[in-house]
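*Asks:* Below is one structure. I have some questions about it.
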Amino acid sequence: MNLSSEVIQKMMGAVKMTREHELDCGQCYGKNAAEVMPLVQEHLDLCGACREEYQALLDALKAIID
Ligand SMILES: [Zn+2]
């Protein structure tokens, strides 16, 4: 999948709105998309709550991107 940084930014904003439950979540935000993606991926591997939210967003975004 080829996500534009604009889409990623929107995605991150949505995740931030719904998940601010732990310090690691906060560490994912406030950086540019290219820099933060590896950190986000790592966090998603460790945090089931964020992973669920992220997957739901990806599913929703597929319709927009396609
Ligand atoms: Zn999390």
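*Asks:* Being touching a residue at least 24 places away in the same chain (Cβ under 8 Å) and near the ligand (Cβ under 8 Å from one of its atoms) is the filter; apply it to region 36-53 and report the residue that is most open to solvent (accessible area, probe 1.4 Å).
*Replies:* Ala49
*Asks:* Any residue that is away from the ligand (no atom under 16 Å from the Cβ), surrounded by 12 or more Cβ atoms within 10 Å (Cβ to Cβ), at pLDDT below 75 and within 12 Å of the chain's Cα centre (by Cα) - is there at least one of those in region 8-21?
*Replies:* yes
The values are calculated or read from the model by the stated rules, or taken from the named source; none is laboratory data. Note that the coordinates shown come from a computational prediction; the quantities given were computed from them, not determined experimentally. No Cβ is skipped: glycine too gets one built from the backbone with ideal geometry, and neighbour counts run over all protein chains shown. Accessible surface areas use protein heavy atoms only, side chains included; no ligands, DNA or RNA. Shrake-Rupley method; radii C 1.70, N 1.55, O 1.52, S 1.80 Å.
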